[in-house]
Amino acid sequence: MKRLAGFCVAGLFLVAVTTTHLLWAAPPEGNKQLVCHVVSEEDAEEGEVDHIIEVSINAVPAHLAHGDCLIGSTDRTLIGTECDATDAEDDDQCDTQP
């Protein structure tokens, strides 16, 4: 009986750890999009530069509406790096990739 109780406790611990890990894990890539975020003129005057952010796919239209453009990559290590929001082809894709 003690052995069965030990397995139950170990099993519950494993479920708790796995569940906690899933809560901390990054959301599925299918729900996120990398965009080159254009900073405001005021922020640019303070030294901030256009940079890559990750947004929900639900927020993409709002970001595109104010001049951001899509980054054609799923490399999350790019988040926070400087980017060029040039979209000369007007297709919402950044023409210059990092």
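The values are calculated or read from the model by the stated rules, or taken from the named source; none is laboratory data. Fair warning: this is a prediction, and the values are worked out from it, not measured in the lab. Methodologically, a virtual Cβ is constructed for each residue, glycine included, from the backbone with ideal geometry; neighbour enumeration extends over all protein chains shown.
Observations on the model:
- Extreme residue, nearest to Asp92 (Cα to Cα), among residues of the range 42-63 that are assigned to a helix (DSSP H, G or I) and among the aliphatic types (A, V, I, L, M): Val60
- Matching residues in the range 57-77 - criterion: being more than 12 Å from His37 (Cβ to Cβ) and surrounded by 12 or more Cβ atoms within 10 Å (Cβ to Cβ): Ser73, Thr74, Arg76
- Any hit, the range 13-36, residues being of a type in the set (Asp, Glu), under 15 Å from the mean Cα position of the chain (by Cα), at pLDDT below 95 and closer than 30 Å to Pro98 by Cβ: yes
- Criterion violated by Asn58 - all others in (1) at pLDDT 95 or above; (2) under 23 Å from Gln97 (Cβ atoms) satisfied: (2)
- Filtered residue count, the range 80-98, keeping only those that are out of contact with any Leu (no Cβ under 7 Å at 6 or more places or on another chain) and either of a type in the set (A, V, I, L, M, F, W, C) or under 11 Å from Gln33 (Cβ atoms) (or both): 3
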